[in-house]
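> After the C-alpha coordinates below, expect a handful of questions from me.
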Amino acid sequence: MSNAVDDVTHLRKGLNTELRTGAEFKASLDDGRQVWVNGRKLERVTDDPALNAGIDLIAGMFDDQFRPETADLLTMKDEKTGQIVSRNWQVPRTVEDLRQRRKVIEYTSVKTVGTFGRPPDLTPLLALGLLAHVPTFRRSKSAFEANNVDLADNVERFFERGRRTGLIGGEVLADPQNDRSKGSGEGAGLMRIVRVEADGVVVSGAKSVGSIAAQGDEIMFTNLLRPDFPPEACFWGVLPVATEGIKLIAREMVSSPGSDPFDHPIGVLGEEADQFLVFDNVWVPNERIFNLGDPKLLQYYGRVSKWGHWHVLTRLAVKAELFVGTAQLVIDALGTAKFPAVRSAMASLIEYAQALRAFVIAAENTPDYSENGIIGPDVGFLTAGRLHSIENYPRIIHTLQELCGQGLVMRFSKAAFDNPEVGPLLDKLLPGTGVTAQVKNRLMNFVWDLTSSSLAGRVELFENVNSTPGPLVRERLYSEYDREGLKKTIMDLAGIEKWA
(Lines give C-alpha, C1' and ligand atoms only; values in the text may rest on other atoms or scores of the structure.)
Protein backbone atom coordinates (compact mmCIF):
# COMPACT_ATOMS: atom_id res chain seq x y z
CA MET A 1 0.00 0.00 0.00
CA SER A 2 1.24 3.51 -0.80
CA ASN A 3 2.04 5.75 2.13
CA ALA A 4 -0.07 8.92 2.03
CA VAL A 5 2.75 10.97 3.52
CA ASP A 6 5.10 10.18 0.63
CA ASP A 7 6.28 13.35 -1.08
CA VAL A 8 5.60 12.96 -4.81
CA THR A 9 5.80 16.68 -5.54
CA HIS A 10 9.05 16.16 -7.43
CA LEU A 11 7.33 13.66 -9.73
CA ARG A 12 4.65 16.21 -10.63
CA LYS A 13 7.16 19.00 -11.26
CA GLY A 14 7.02 20.23 -14.85
CA LEU A 15 3.80 18.41 -15.68
CA ASN A 16 0.95 20.33 -17.29
CA THR A 17 -1.73 19.32 -14.79
CA GLU A 18 -4.15 20.52 -12.13
CA LEU A 19 -4.20 17.12 -10.42
CA ARG A 20 -3.37 17.16 -6.71
CA THR A 21 -0.90 15.16 -4.68
CA GLY A 22 -2.11 13.20 -1.68
CA ALA A 23 -0.87 15.88 0.70
CA GLU A 24 -2.68 18.59 -1.26
CA PHE A 25 -5.88 16.55 -1.30
CA LYS A 26 -5.69 15.95 2.44
CA ALA A 27 -5.02 19.62 3.16
CA SER A 28 -8.01 20.63 1.03
CA LEU A 29 -10.35 18.78 3.40
CA ASP A 30 -9.60 21.27 6.17
CA ASP A 31 -12.31 23.58 4.87
CA GLY A 32 -14.72 23.97 7.77
CA ARG A 33 -17.03 21.10 6.80
CA GLN A 34 -19.47 20.16 9.55
CA VAL A 35 -18.94 16.52 10.50
CA TRP A 36 -20.15 14.74 13.65
CA VAL A 37 -18.73 11.41 14.87
CA ASN A 38 -20.14 9.69 17.96
CA GLY A 39 -21.93 12.88 18.97
CA ARG A 40 -18.80 15.02 18.70
CA LYS A 41 -18.38 17.76 16.13
CA LEU A 42 -14.94 17.49 14.56
CA GLU A 43 -12.75 20.53 14.21
CA ARG A 44 -11.20 18.82 11.19
CA VAL A 45 -12.45 15.72 9.41
CA THR A 46 -8.98 14.19 9.88
CA ASP A 47 -9.38 14.37 13.68
CA ASP A 48 -11.27 11.07 13.77
CA PRO A 49 -8.83 8.11 13.49
CA ALA A 50 -11.06 5.95 11.26
CA LEU A 51 -11.93 8.81 8.91
CA ASN A 52 -8.30 9.88 8.81
CA ALA A 53 -7.01 6.38 8.01
CA GLY A 54 -9.50 6.15 5.13
CA ILE A 55 -8.42 9.59 3.93
CA ASP A 56 -4.78 8.47 4.02
CA LEU A 57 -5.72 5.48 1.86
CA ILE A 58 -7.44 7.79 -0.64
CA ALA A 59 -4.50 10.22 -0.53
CA GLY A 60 -2.25 7.35 -1.54
CA MET A 61 -4.34 6.98 -4.70
CA PHE A 62 -3.79 10.66 -5.46
CA ASP A 63 -0.05 10.14 -5.12
CA ASP A 64 -0.22 7.09 -7.38
CA GLN A 65 -1.28 9.42 -10.21
CA PHE A 66 2.34 10.58 -10.38
CA ARG A 67 4.23 7.36 -9.69
CA PRO A 68 5.76 5.87 -12.87
CA GLU A 69 4.27 2.43 -12.25
CA THR A 70 0.67 3.71 -12.00
CA ALA A 71 0.61 7.07 -13.79
CA ASP A 72 -0.55 5.69 -17.15
CA LEU A 73 -3.25 3.64 -15.44
CA LEU A 74 -4.71 6.57 -13.50
CA THR A 75 -4.13 9.53 -15.80
CA MET A 76 -4.20 10.42 -19.49
CA LYS A 77 -3.27 13.32 -21.72
CA ASP A 78 -6.01 15.58 -23.05
CA GLU A 79 -5.57 15.52 -26.82
CA LYS A 80 -6.67 19.14 -27.25
CA THR A 81 -4.83 20.86 -24.39
CA GLY A 82 -1.98 18.47 -23.67
CA GLN A 83 -2.95 18.60 -20.00
CA ILE A 84 -2.62 15.51 -17.80
CA VAL A 85 -6.13 14.70 -16.50
CA SER A 86 -7.75 12.04 -14.33
CA ARG A 87 -8.72 8.76 -15.99
CA ASN A 88 -11.49 8.46 -13.36
CA TRP A 89 -13.27 10.96 -15.60
CA GLN A 90 -12.45 9.32 -18.95
CA VAL A 91 -15.20 9.50 -21.58
CA PRO A 92 -15.39 6.06 -23.26
CA ARG A 93 -16.09 6.09 -26.97
CA THR A 94 -15.00 2.53 -27.80
CA VAL A 95 -15.04 -0.90 -26.15
CA GLU A 96 -11.29 -0.55 -25.62
CA ASP A 97 -11.95 2.70 -23.74
CA LEU A 98 -14.32 0.80 -21.44
CA ARG A 99 -11.70 -1.87 -20.80
CA GLN A 100 -9.08 0.76 -20.02
CA ARG A 101 -11.42 2.50 -17.60
CA ARG A 102 -12.26 -0.85 -16.00
CA LYS A 103 -8.60 -1.21 -15.00
CA VAL A 104 -9.06 1.82 -12.75
CA ILE A 105 -12.00 0.11 -11.02
CA GLU A 106 -9.85 -2.97 -10.54
CA TYR A 107 -7.07 -0.82 -9.10
CA THR A 108 -9.31 0.93 -6.53
CA SER A 109 -10.96 -2.38 -5.61
CA VAL A 110 -7.61 -4.00 -4.80
CA LYS A 111 -6.30 -0.85 -3.11
CA THR A 112 -9.24 -0.84 -0.68
CA VAL A 113 -9.44 -4.67 -0.48
CA GLY A 114 -13.01 -4.25 -1.71
CA THR A 115 -14.15 -2.55 1.52
CA PHE A 116 -15.00 0.79 -0.13
CA GLY A 117 -18.35 0.40 -1.86
CA ARG A 118 -17.93 3.91 -3.24
CA PRO A 119 -14.22 4.48 -3.86
CA PRO A 120 -12.97 7.73 -5.45
CA ASP A 121 -13.60 6.61 -9.03
CA LEU A 122 -17.31 5.76 -8.62
CA THR A 123 -18.98 9.18 -8.53
CA PRO A 124 -17.16 10.22 -11.76
CA LEU A 125 -19.03 7.37 -13.48
CA LEU A 126 -22.35 8.78 -12.26
CA ALA A 127 -21.26 12.12 -13.69
CA LEU A 128 -20.44 10.28 -16.91
CA GLY A 129 -24.03 9.04 -16.93
CA LEU A 130 -25.20 12.65 -16.76
CA LEU A 131 -22.85 13.60 -19.60
CA ALA A 132 -24.11 10.70 -21.73
CA HIS A 133 -27.62 12.17 -21.52
CA VAL A 134 -26.69 15.82 -22.06
CA PRO A 135 -29.02 16.08 -25.09
CA THR A 136 -31.93 15.13 -22.80
CA PHE A 137 -30.86 17.66 -20.18
CA ARG A 138 -30.57 20.29 -22.90
CA ARG A 139 -34.18 19.71 -23.89
CA SER A 140 -35.37 20.07 -20.30
CA LYS A 141 -36.59 23.40 -18.99
CA SER A 142 -36.97 24.71 -15.47
CA ALA A 143 -40.43 24.24 -13.97
CA PHE A 144 -40.11 27.59 -12.21
CA GLU A 145 -40.60 30.90 -14.01
CA ALA A 146 -38.17 32.69 -11.70
CA ASN A 147 -35.26 30.63 -12.99
CA ASN A 148 -34.32 29.16 -16.37
CA VAL A 149 -30.98 27.52 -15.62
CA ASP A 150 -28.89 25.89 -18.42
CA LEU A 151 -28.79 22.31 -17.16
CA ALA A 152 -26.76 20.76 -20.01
CA ASP A 153 -24.00 23.37 -19.80
CA ASN A 154 -23.81 22.75 -16.05
CA VAL A 155 -23.29 19.02 -16.59
CA GLU A 156 -20.56 19.63 -19.15
CA ARG A 157 -18.74 22.17 -16.99
CA PHE A 158 -18.92 19.92 -13.94
CA PHE A 159 -17.51 16.98 -15.85
CA GLU A 160 -14.69 19.02 -17.34
CA ARG A 161 -13.75 20.40 -13.94
CA GLY A 162 -13.74 16.87 -12.55
CA ARG A 163 -11.35 15.49 -15.13
CA ARG A 164 -8.95 18.43 -14.78
CA THR A 165 -8.77 18.37 -10.98
CA GLY A 166 -9.43 14.72 -10.15
CA LEU A 167 -12.50 15.67 -8.15
CA ILE A 168 -13.88 12.98 -5.83
CA GLY A 169 -16.93 12.86 -3.66
CA GLY A 170 -20.10 11.15 -2.57
CA GLU A 171 -23.52 10.71 -4.13
CA VAL A 172 -26.71 10.51 -2.10
CA LEU A 173 -30.10 9.25 -3.22
CA ALA A 174 -31.74 7.45 -0.28
CA ASP A 175 -34.32 9.29 1.81
CA PRO A 176 -34.25 9.12 5.62
CA GLN A 177 -35.68 5.88 7.00
CA ASN A 178 -38.74 7.02 8.91
CA ASP A 179 -42.51 6.49 8.89
CA ARG A 180 -43.12 4.52 5.69
CA SER A 181 -46.89 4.54 6.13
CA LYS A 182 -47.03 8.06 4.75
CA GLY A 183 -46.79 8.98 1.09
CA SER A 184 -43.28 9.58 -0.22
CA GLY A 185 -44.08 13.24 -0.65
CA GLU A 186 -45.15 13.58 2.98
CA GLY A 187 -42.34 11.88 4.91
CA ALA A 188 -40.04 13.91 7.11
CA GLY A 189 -36.80 14.93 5.50
CA LEU A 190 -37.80 14.76 1.84
CA MET A 191 -35.36 17.01 0.00
CA ARG A 192 -37.14 19.80 -1.80
CA ILE A 193 -36.69 23.29 -3.16
CA VAL A 194 -37.98 25.83 -0.65
CA ARG A 195 -37.15 29.02 -2.57
CA VAL A 196 -36.37 29.87 -6.18
CA GLU A 197 -34.44 32.93 -7.27
CA ALA A 198 -32.98 34.06 -10.57
CA ASP A 199 -29.43 32.94 -9.74
CA GLY A 200 -30.12 29.81 -7.70
CA VAL A 201 -32.37 27.94 -5.30
CA VAL A 202 -32.54 27.07 -1.62
CA VAL A 203 -33.06 23.39 -0.70
CA SER A 204 -33.85 21.65 2.58
CA GLY A 205 -34.19 18.02 3.58
CA ALA A 206 -32.02 15.05 4.41
CA LYS A 207 -30.29 12.16 2.69
CA SER A 208 -28.93 8.88 4.01
CA VAL A 209 -25.98 6.57 3.32
CA GLY A 210 -23.62 9.30 2.13
CA SER A 211 -20.69 6.93 1.77
CA ILE A 212 -17.30 8.71 1.53
CA ALA A 213 -19.06 12.10 1.52
CA ALA A 214 -17.15 13.47 4.53
CA GLN A 215 -13.87 12.31 2.97
CA GLY A 216 -14.38 13.81 -0.48
CA ASP A 217 -14.57 17.14 -2.27
CA GLU A 218 -18.23 17.42 -3.27
CA ILE A 219 -21.62 15.76 -2.89
CA MET A 220 -24.01 14.94 -5.74
CA PHE A 221 -27.62 14.62 -4.61
CA THR A 222 -31.03 13.89 -6.10
CA ASN A 223 -34.36 12.22 -5.36
CA LEU A 224 -35.68 8.95 -6.73
CA LEU A 225 -38.90 9.82 -8.54
CA ARG A 226 -42.16 8.66 -7.04
CA PRO A 227 -45.70 9.20 -8.35
CA ASP A 228 -46.69 11.75 -5.70
CA PHE A 229 -43.64 14.01 -6.06
CA PRO A 230 -44.31 17.74 -6.48
CA PRO A 231 -42.04 19.73 -8.85
CA GLU A 232 -40.08 21.18 -5.93
CA ALA A 233 -38.90 17.62 -5.07
CA CYS A 234 -37.62 17.02 -8.61
CA PHE A 235 -34.08 18.24 -8.14
CA TRP A 236 -30.53 17.23 -9.03
CA GLY A 237 -27.38 19.09 -8.03
CA VAL A 238 -23.84 19.02 -6.67
CA LEU A 239 -22.18 21.08 -3.93
CA PRO A 240 -18.88 21.28 -2.03
CA VAL A 241 -19.02 19.29 1.20
CA ALA A 242 -18.26 22.43 3.22
CA THR A 243 -21.28 24.35 1.88
CA GLU A 244 -23.02 26.30 4.63
CA GLY A 245 -26.07 24.47 5.97
CA ILE A 246 -24.86 20.92 5.20
CA LYS A 247 -24.36 18.75 8.28
CA LEU A 248 -22.83 15.26 8.06
CA ILE A 249 -23.61 12.88 10.93
CA ALA A 250 -21.44 9.75 10.71
CA ARG A 251 -22.55 6.27 11.71
CA GLU A 252 -20.53 4.28 14.23
CA MET A 253 -17.00 3.58 12.96
CA VAL A 254 -16.23 -0.11 12.52
CA SER A 255 -12.59 -0.29 11.39
CA SER A 256 -9.43 -0.64 13.52
CA PRO A 257 -7.23 2.42 12.90
CA GLY A 258 -4.06 2.47 14.95
CA SER A 259 -4.05 -1.31 15.42
CA ASP A 260 -1.00 -3.42 14.73
CA PRO A 261 -1.22 -4.43 11.04
CA PHE A 262 -0.50 -8.00 12.18
CA ASP A 263 -3.76 -8.03 14.16
CA HIS A 264 -6.01 -6.20 11.67
CA PRO A 265 -4.32 -5.98 8.26
CA ILE A 266 -7.49 -4.61 6.60
CA GLY A 267 -9.10 -2.80 9.52
CA VAL A 268 -5.99 -0.70 10.08
CA LEU A 269 -6.61 0.95 6.68
CA GLY A 270 -9.68 2.73 8.00
CA GLU A 271 -12.95 2.88 6.09
CA GLU A 272 -15.28 4.82 3.89
CA ALA A 273 -17.63 6.30 6.44
CA ASP A 274 -21.36 6.56 5.78
CA GLN A 275 -23.03 9.82 6.77
CA PHE A 276 -26.55 11.03 7.32
CA LEU A 277 -26.71 14.41 5.54
CA VAL A 278 -28.96 17.23 6.66
CA PHE A 279 -29.51 20.14 4.26
CA ASP A 280 -30.75 23.14 6.25
CA ASN A 281 -31.76 25.94 3.85
CA VAL A 282 -28.76 25.32 1.62
CA TRP A 283 -28.05 27.73 -1.23
CA VAL A 284 -27.43 26.04 -4.60
CA PRO A 285 -26.19 28.44 -7.29
CA ASN A 286 -27.45 27.98 -10.83
CA GLU A 287 -24.19 26.54 -12.16
CA ARG A 288 -24.49 23.57 -9.78
CA ILE A 289 -28.03 22.54 -10.76
CA PHE A 290 -28.72 19.60 -13.12
CA ASN A 291 -32.50 19.42 -12.73
CA LEU A 292 -34.96 22.07 -11.63
CA GLY A 293 -38.46 20.69 -11.27
CA ASP A 294 -38.59 18.26 -14.22
CA PRO A 295 -39.91 14.80 -13.19
CA LYS A 296 -38.91 13.35 -16.57
CA LEU A 297 -35.23 13.92 -15.75
CA LEU A 298 -35.54 12.00 -12.48
CA GLN A 299 -36.85 9.09 -14.55
CA TYR A 300 -33.40 8.99 -16.15
CA TYR A 301 -31.64 8.05 -12.92
CA GLY A 302 -31.57 4.35 -13.83
CA ARG A 303 -30.01 5.09 -17.20
CA VAL A 304 -27.58 7.61 -15.71
CA SER A 305 -26.42 5.11 -13.08
CA LYS A 306 -25.64 2.34 -15.59
CA TRP A 307 -21.91 3.08 -15.52
CA GLY A 308 -22.07 3.11 -11.72
CA HIS A 309 -23.64 -0.36 -11.76
CA TRP A 310 -20.80 -1.47 -14.04
CA HIS A 311 -18.41 -0.24 -11.36
CA VAL A 312 -20.29 -2.20 -8.67
CA LEU A 313 -20.23 -5.42 -10.70
CA THR A 314 -16.55 -5.03 -11.58
CA ARG A 315 -15.63 -4.39 -7.95
CA LEU A 316 -17.58 -7.48 -6.89
CA ALA A 317 -15.75 -9.53 -9.53
CA VAL A 318 -12.41 -8.30 -8.18
CA LYS A 319 -13.48 -9.12 -4.61
CA ALA A 320 -14.50 -12.60 -5.74
CA GLU A 321 -11.00 -13.11 -7.14
CA LEU A 322 -9.50 -11.84 -3.88
CA PHE A 323 -11.62 -14.43 -2.07
CA VAL A 324 -10.17 -17.16 -4.32
CA GLY A 325 -6.60 -16.03 -3.68
CA THR A 326 -7.22 -15.86 0.06
CA ALA A 327 -8.84 -19.30 0.14
CA GLN A 328 -5.94 -20.84 -1.77
CA LEU A 329 -3.46 -19.47 0.76
CA VAL A 330 -5.62 -20.87 3.57
CA ILE A 331 -5.73 -24.42 2.22
CA ASP A 332 -2.03 -24.23 1.37
CA ALA A 333 -1.25 -23.18 4.96
CA LEU A 334 -3.49 -25.91 6.41
CA GLY A 335 -2.48 -28.64 3.97
CA THR A 336 -6.11 -29.48 3.20
CA ALA A 337 -6.10 -29.34 -0.60
CA LYS A 338 -6.02 -33.17 -0.79
CA PHE A 339 -9.54 -33.43 0.63
CA PRO A 340 -12.34 -33.64 -2.00
CA ALA A 341 -14.71 -31.49 0.08
CA VAL A 342 -12.11 -28.72 0.26
CA ARG A 343 -11.47 -28.85 -3.48
CA SER A 344 -15.23 -28.70 -4.06
CA ALA A 345 -15.50 -25.63 -1.84
CA MET A 346 -12.62 -23.99 -3.71
CA ALA A 347 -14.33 -24.78 -7.00
CA SER A 348 -17.49 -23.00 -5.82
CA LEU A 349 -15.45 -19.86 -5.07
CA ILE A 350 -13.82 -20.08 -8.49
CA GLU A 351 -17.19 -20.59 -10.16
CA TYR A 352 -18.56 -17.46 -8.48
CA ALA A 353 -15.53 -15.39 -9.50
CA GLN A 354 -15.62 -16.62 -13.08
CA ALA A 355 -19.34 -15.96 -13.37
CA LEU A 356 -19.01 -12.35 -12.21
CA ARG A 357 -16.03 -11.77 -14.51
CA ALA A 358 -18.04 -13.23 -17.38
CA PHE A 359 -20.95 -10.85 -16.68
CA VAL A 360 -18.52 -7.89 -16.77
CA ILE A 361 -16.91 -8.96 -20.04
CA ALA A 362 -20.26 -9.74 -21.65
CA ALA A 363 -21.65 -6.33 -20.64
CA GLU A 364 -18.67 -4.56 -22.19
CA ASN A 365 -18.77 -6.58 -25.39
CA THR A 366 -22.48 -5.97 -26.06
CA PRO A 367 -22.49 -2.21 -25.55
CA ASP A 368 -24.84 0.53 -26.60
CA TYR A 369 -24.23 4.19 -27.38
CA SER A 370 -25.86 7.27 -25.97
CA GLU A 371 -27.30 9.98 -28.18
CA ASN A 372 -23.97 11.85 -28.04
CA GLY A 373 -21.79 8.80 -28.75
CA ILE A 374 -20.72 7.71 -25.26
CA ILE A 375 -20.41 3.94 -25.02
CA GLY A 376 -21.98 2.05 -22.15
CA PRO A 377 -22.10 -1.60 -21.01
CA ASP A 378 -25.21 -3.69 -21.56
CA VAL A 379 -27.63 -3.09 -18.72
CA GLY A 380 -29.12 -6.59 -18.94
CA PHE A 381 -25.84 -8.30 -18.16
CA LEU A 382 -25.11 -5.76 -15.41
CA THR A 383 -28.45 -6.36 -13.70
CA ALA A 384 -28.23 -10.15 -14.00
CA GLY A 385 -24.66 -10.06 -12.69
CA ARG A 386 -25.57 -7.90 -9.69
CA LEU A 387 -28.47 -10.21 -8.90
CA HIS A 388 -26.16 -13.24 -9.07
CA SER A 389 -23.80 -11.55 -6.64
CA ILE A 390 -26.53 -10.50 -4.17
CA GLU A 391 -27.88 -14.04 -4.04
CA ASN A 392 -24.48 -15.73 -3.63
CA TYR A 393 -22.33 -13.29 -1.62
CA PRO A 394 -23.35 -14.62 1.86
CA ARG A 395 -22.70 -18.19 0.74
CA ILE A 396 -19.26 -17.28 -0.59
CA ILE A 397 -18.33 -15.58 2.68
CA HIS A 398 -19.48 -18.64 4.63
CA THR A 399 -17.48 -20.96 2.36
CA LEU A 400 -14.30 -18.99 2.94
CA GLN A 401 -14.92 -19.06 6.69
CA GLU A 402 -15.46 -22.83 6.63
CA LEU A 403 -12.18 -23.41 4.83
CA CYS A 404 -10.39 -21.72 7.73
CA GLY A 405 -11.79 -24.10 10.32
CA GLN A 406 -10.88 -23.32 13.92
CA GLY A 407 -8.09 -20.99 12.78
CA LEU A 408 -10.60 -18.21 12.25
CA VAL A 409 -11.76 -18.53 15.85
CA MET A 410 -8.40 -19.18 17.52
CA ARG A 411 -6.52 -16.12 16.35
CA PHE A 412 -3.89 -14.32 18.41
CA SER A 413 -2.46 -10.83 18.52
CA LYS A 414 1.11 -9.83 17.80
CA ALA A 415 1.42 -9.06 21.50
CA ALA A 416 0.62 -12.69 22.33
CA PHE A 417 3.33 -13.97 20.01
CA ASP A 418 5.78 -11.43 21.43
CA ASN A 419 5.12 -12.52 25.01
CA PRO A 420 8.18 -14.48 26.23
CA GLU A 421 6.11 -17.01 28.17
CA VAL A 422 3.27 -17.93 25.79
CA GLY A 423 4.67 -16.75 22.45
CA PRO A 424 7.10 -19.70 22.08
CA LEU A 425 4.24 -22.11 22.83
CA LEU A 426 2.12 -20.62 20.04
CA ASP A 427 5.08 -20.74 17.66
CA LYS A 428 5.67 -24.41 18.51
CA LEU A 429 2.11 -25.69 18.55
CA LEU A 430 0.41 -23.75 15.71
CA PRO A 431 2.63 -23.87 12.59
CA GLY A 432 1.05 -24.49 9.21
CA THR A 433 2.14 -26.51 6.22
CA GLY A 434 5.48 -24.99 5.32
CA VAL A 435 4.69 -21.71 7.12
CA THR A 436 5.28 -20.48 10.65
CA ALA A 437 2.54 -20.12 13.19
CA GLN A 438 2.79 -16.33 12.91
CA VAL A 439 2.38 -16.34 9.13
CA LYS A 440 -0.64 -18.64 9.40
CA ASN A 441 -2.11 -16.51 12.18
CA ARG A 442 -1.62 -13.29 10.21
CA LEU A 443 -3.46 -14.88 7.28
CA MET A 444 -6.34 -15.81 9.59
CA ASN A 445 -6.41 -12.23 10.88
CA PHE A 446 -6.71 -11.09 7.26
CA VAL A 447 -9.62 -13.48 6.68
CA TRP A 448 -11.25 -12.24 9.90
CA ASP A 449 -11.12 -8.63 8.70
CA LEU A 450 -12.36 -9.73 5.27
CA THR A 451 -15.31 -11.87 6.41
CA SER A 452 -16.09 -11.64 10.11
CA SER A 453 -15.12 -8.34 11.74
CA SER A 454 -17.41 -5.36 12.31
CA LEU A 455 -15.96 -3.84 9.15
CA ALA A 456 -16.74 -7.02 7.19
CA GLY A 457 -20.29 -7.02 8.56
CA ARG A 458 -20.81 -3.44 7.42
CA VAL A 459 -19.43 -4.30 3.96
CA GLU A 460 -21.72 -7.32 3.60
CA LEU A 461 -24.75 -5.24 4.55
CA PHE A 462 -23.67 -2.51 2.15
CA GLU A 463 -23.29 -4.98 -0.72
CA ASN A 464 -26.89 -6.09 -0.25
CA VAL A 465 -28.55 -2.76 0.53
CA ASN A 466 -26.51 -0.60 -1.86
CA SER A 467 -26.82 -3.06 -4.73
CA THR A 468 -30.60 -3.00 -4.13
CA PRO A 469 -32.35 -6.01 -2.51
CA GLY A 470 -32.82 -9.06 -4.70
CA PRO A 471 -36.61 -8.74 -5.27
CA LEU A 472 -36.20 -5.21 -6.63
CA VAL A 473 -33.30 -6.24 -8.88
CA ARG A 474 -35.43 -9.12 -10.21
CA GLU A 475 -38.21 -6.62 -10.96
CA ARG A 476 -35.70 -4.48 -12.82
CA LEU A 477 -34.39 -7.49 -14.75
CA TYR A 478 -37.95 -8.40 -15.69
CA SER A 479 -38.65 -4.92 -17.04
CA GLU A 480 -35.30 -4.53 -18.84
CA TYR A 481 -35.04 -7.85 -20.65
CA ASP A 482 -36.47 -7.79 -24.18
CA ARG A 483 -38.47 -10.99 -24.71
CA GLU A 484 -40.40 -10.08 -27.87
CA GLY A 485 -37.96 -11.75 -30.26
CA LEU A 486 -37.93 -14.92 -28.16
CA LYS A 487 -41.72 -15.02 -28.16
CA LYS A 488 -41.73 -14.79 -31.96
CA THR A 489 -39.22 -17.63 -32.21
CA ILE A 490 -41.38 -19.90 -30.04
CA MET A 491 -44.52 -18.99 -31.99
CA ASP A 492 -42.76 -19.96 -35.22
CA LEU A 493 -41.49 -23.24 -33.72
CA ALA A 494 -44.95 -24.02 -32.35
CA GLY A 495 -46.69 -23.13 -35.59
CA ILE A 496 -48.68 -20.27 -34.06
CA GLU A 497 -49.27 -17.65 -36.73
CA LYS A 498 -51.32 -15.23 -34.66
CA TRP A 499 -51.62 -14.60 -30.94
CA ALA A 500 -55.26 -13.83 -30.19
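> Tell me which residues, restricted to the stretch 479-493, are closer than 24 Å to Thr314 by Cβ and in a helix (DSSP H, G or I).
Ser479, Glu480
> Name the single residue, out of those in the stretch 126-158 being among the polar types (S, T, N, Q) and in a helix (DSSP H, G or I), that is farthest from the chain's Cα centre (by Cα).
In this case the residue turns out to be Thr136.
Yes/no matrix, rows are residues, columns are (1) under 18 Å from Leu125 (Cβ atoms); (2) open to solvent by less than 30 Å² (accessible area, probe 1.4 Å):
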position	(1), (2)
Val330	no, yes
Ala333	no, yes
Tyr352	no, yes
Asp368	yes, no
Glu402	no, no
Leu408	no, yes
Ala415	no, no
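> Let me ask something additional. Six or more apart or on different chains, Cβ under 6 Å: which pairs go from a residue in the stretch 355-380 that's more than 25 Å from Leu130 (Cβ to Cβ) and in a helix (DSSP H, G or I) to one that's open to solvent by 10 Å² or more (accessible area, probe 1.4 Å) and aromatic (Phe, Trp, Tyr)? Could you list them?
Matching pairs, first to second residue: Ala362/Phe381.
> Being charged (D, E, K, R), open to solvent by 10 Å² or more (accessible area, probe 1.4 Å) and under 18 Å from Val85 (Cβ atoms) is the filter here, so list the residues in the stretch 118-137 that pass it.
None; the set is empty.
> Check whether at least one residue in the stretch 33-40 is open to solvent by 60 Å² or more (accessible area, probe 1.4 Å) and closer than 28 Å to Trp310 by Cα, and report yes or no.
Looking for residues that are open to solvent by 60 Å² or more (accessible area, probe 1.4 Å) and closer than 28 Å to Trp310 by Cα, one finds none in the stretch 33-40, hence no.
> Output the residues belonging to the stretch 465-493 that are open to solvent by less than 90 Å² (accessible area, probe 1.4 Å), closer than 30 Å to Ser211 by Cβ and hydrophobic (A, V, I, L, M, F, W, C).
Matches in the stretch 465-493: Val473, Leu477.
> Looking at the stretch 404-436, which of its residues are within 36 Å of the chain's Cα centre (by Cα), without any contact (Cβ under 8 Å) to a residue 40 or more places away in the chain and in a helix (DSSP H, G or I)?
Gln406
> A follow-up question, please. Which numbered condition trips up Arg161, out of (1) open to solvent by 30 Å² or more (accessible area, probe 1.4 Å); (2) modelled with pLDDT of 95 or more; (3) outside any helix (DSSP H, G or I)?
So the condition that Arg161 fails would be (3).
> Return only the number of the condition from (1) farther than 21 Å from Gly216 by Cβ; (2) of a type outside the set (A, V, I, L, M, F, W, C); (3) crowded, with 21+ Cβ neighbours inside 10 Å that Arg99 does not satisfy.
All conditions pass for Arg99, except number (3).
> Would you please name the residue that is farthest from Asp63 (Cα to Cα), looking only at residues in the stretch 75-91 that are under 19 Å from the mean Cα position of the chain (by Cα) and open to solvent by less than 20 Å² (accessible area, probe 1.4 Å)?
Gln90
> Mind counting the residues in the stretch 443-458 that are more than 16 Å from Gln406 (Cβ to Cβ) and either open to solvent by 30 Å² or more (accessible area, probe 1.4 Å) or assigned to a helix (DSSP H, G or I) (or both)?
8
> Next question, about the same structure. For the stretch 460-498, how many residues meet the condition of being in contact (Cβ under 8 Å) with a residue 12 or more places away in the chain and either closer than 30 Å to Phe323 by Cα or among the hydrophobic types (A, V, I, L, M, F, W, C) (or both)?
Of the residues in that region, 14 qualify.
> For Leu316, are the conditions met, namely being within 25 Å of Trp448 (Cα to Cα) and among the aliphatic types (A, V, I, L, M)?
Taking the combined requirement at face value, the residue satisfies it.
> Return yes or no: is Ile496 open to solvent by 40 Å² or more (accessible area, probe 1.4 Å) and either within 30 Å of Leu269 (Cβ to Cβ) or part of a loop (DSSP other than H, G, I, E, B) (or both)?
Yes: the conditions hold for Ile496.
> Hey, among Thr115, Thr108, which residue is closer than 30 Å to Asp449 by Cβ, assigned to a helix (DSSP H, G or I) and β-branched (Val, Ile, Thr)?
Of Thr115, Thr108, the one residue that is closer than 30 Å to Asp449 by Cβ, assigned to a helix (DSSP H, G or I) and β-branched (Val, Ile, Thr) is Thr108.
The values are calculated or read from the model by the stated rules, or taken from the named source; none is laboratory data. Because the structure is predicted, anything quoted here is derived from the model rather than measured. All Cβ positions, glycine included, derive from the backbone under ideal geometry; neighbour counts span all protein chains shown. Areas reflect the complete protein model, heavy atoms only, side chains present, ligands, DNA and RNA absent. Shrake-Rupley method; radii C 1.70, N 1.55, O 1.52, S 1.80 Å.
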